[in-house]
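The values are calculated or read from the model by the stated rules, or taken from the named source; none is laboratory data. All values reported here derive from a predicted model rather than from experimental measurement. Here the Cβ positions follow ideal geometry from the backbone for every residue, glycine too, while neighbour counts run over all protein chains shown. In case anyone asks, the SASA skips ligands and DNA or RNA and just uses the protein heavy atoms, side chains included. Shrake-Rupley method; radii C 1.70, N 1.55, O 1.52, S 1.80 Å.
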Amino acid sequence: MDGSFLSNDNVISASRDFVCLRLATYEDAAEANYLRKIYSGRAGNLENTVFALLSHDGQRLLARAGRGPSFRSAVHMAQKMNQIIRAEYPDARDHRWDNERLPEVRSLELAINVAACDGLPLIVSVGDDKSLPQIRKQLLPHAWSEEFAGKFVFASANSSADLRPLGHKPNNFSGVYLVEPDPFGLSGRVMEKIADATTAVDPEGLTSMLNDFTPPKKDHRQHVVSGFQFGFKWETAIPITDLQGIQAAKRLWRTQGK
Amino acid sequence: MYRTFITLCLLTFAVGALEAASPKIAWYGKLEDGLEEARRSNRPILLVSAAPQCQNVPGMW
């Protein structure tokens with residue numbers, strides 16, 4: 001998928017009136033079933049990437065779905081999005097920042113990988129069933145603000161097993177932690193604790209952390225070659241069904257007998 | 001030499017700050033969360049799915 005569309009200023013601006021949903025392909029069976037109904041390959045298979053603009057109930061296509069945006073340009077895509085809002089959802093702007101859920105990735109392990117792909121830091125909420133809702137509530141206004149929207153990947157953990165990708169359990173279990181992913185998204189380094197159930201998140205502190213965070217510059221080909229040489233292989237939750245992807249991975253890993 | 005070093009440090013900080021300041025799309029990461037929010041707020045959905053691995057090597061879309 002052409003990522004340049006999704007980093008275009010006009011598209012980002014238009015996206016503020018949408019609920020933006022990015023799933024990790026092949027990481028959840030129920031999501032895969034849903035995606036396959038939205039768009040599938042010629043053989044009915046789920047491909048690596050899917051793109052769609054959908055109605056609020058997630059059932060009706062508002063533009064042609066495909067592996068990526070089929071618009072002539074990012075500007076045309078933004079125009080279409082704005083047109084949808086004017087024609088069908090004129091009150092969408094009223095809800096821009098009143099989201100009621102944190103934009104969390106399904107697991108900490110997956111979130112670290114996603115953060116590495118995005119070159120973003122993670123904010124991880126850690127607590128038990130009692131403290132996690134309170135911690136999440138603290139983060140909501142920051143996660144959904146023009147200042148911080150989309151600049152962190154979010155995840156939560158409520159057990160020692162969940163925290164395994166961090167390599168260690170934070171001393172005082174409950175709280176909010178800033179985590180730096182390694183370049184291959186297989187582990188995360190706890191940079192600091194930024195809040196807990198009783199102390200508020202400091203927005204100036206978040207800004208400072210963002211300014212200090214420098215993700216590694218990655219070359220696509222070099223990253224894949226290095227990952228292969230180190231033996232860093234990601235096991236998806238469900239089998240990959242993108243035919244080109246399968247062929248390419250087989251060619252790469254054949255020599256390691258994997 | 002010292003001035004060059006300071007200039008380089010300031011430039012690096014400036015580039016980092018610019019990158020941090022540039023807006024980004026805010027994504028829900030779970031289908032149920034995004035669908036619930038879209039229904040609740042009556043807003044349309046921008047849906048994207050991508051594999052966080054390339055030829056099974058993680059850390060790259």
Rounded to the nearest 5, the percent of antiparallel DSSP beta bridges in the protein assembly as shown equals 60
Carbon and sulfur atoms account, in whole percent of the 1.4 Å probe accessible area of the protein assembly as shown, for 52
Computed for the range A:139-209: size of charge dipole around the Cα centre, +1 on C-beta of each Lys and Arg, -1 on C-beta of each Asp and Glu, debye to nearest 20, value 320
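Taking each residue of A:103-110 in turn, how many C-beta atoms of other protein chains fall within 10 Å of its C-beta, and what is the average?
That average works out to 3.
Roughly how large is the B-A contact in terms of buried accessible area, totalled over both chains, probe 1.4 Å, nearest 100 Å²?
Its buried surface, counting both partners, is about 6000 Å².
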Measuring from its Cα centre, the protein assembly as shown shows a charge dipole (+1 at each Lys and Arg Cβ, -1 at each Asp and Glu Cβ) which, in debye to the nearest 20, is 1140
On the formula 1/(1 + (r/R0)^6), with r taken between the Cβ atoms of A:S145 and A:L243 and R0 of 41 Å, the FRET efficiency rounded to 0.05 is 0.50
Partner lysines whose C-alpha sits under 18 Å from that of A:K233, ignoring same-chain residues fewer than 8 away, are A:K218, A:K250, A:K258
Under the Karplus relation with 6.51, -1.76 and 1.60 and θ = phi - 60°, whole-Hz ³J(HN,Hα) for the range A:86-93, x at Gly and Pro, equal 4, 7, 10, 9, x, 9, 4, 4
Over chain A, with neighbouring protein chains present, the accessible area per residue in Å² at probe 1.4 Å is 50
In whole percent, the Cα-Cα distances of the protein assembly as shown spread across 20 Å bins from 0 upward as 31, 59, 10, 0
Here the whole-number average of other chain Cβ atoms within 10 Å per Cβ of A:210-217 is 4
One checks the Cα atoms of the range A:40-127 and finds Rg and Dmax, in Å, of 16.5, 46
Check: C-alpha center the range A:179-258 vs C-alpha center the range A:70-115, spacing in Å is 23
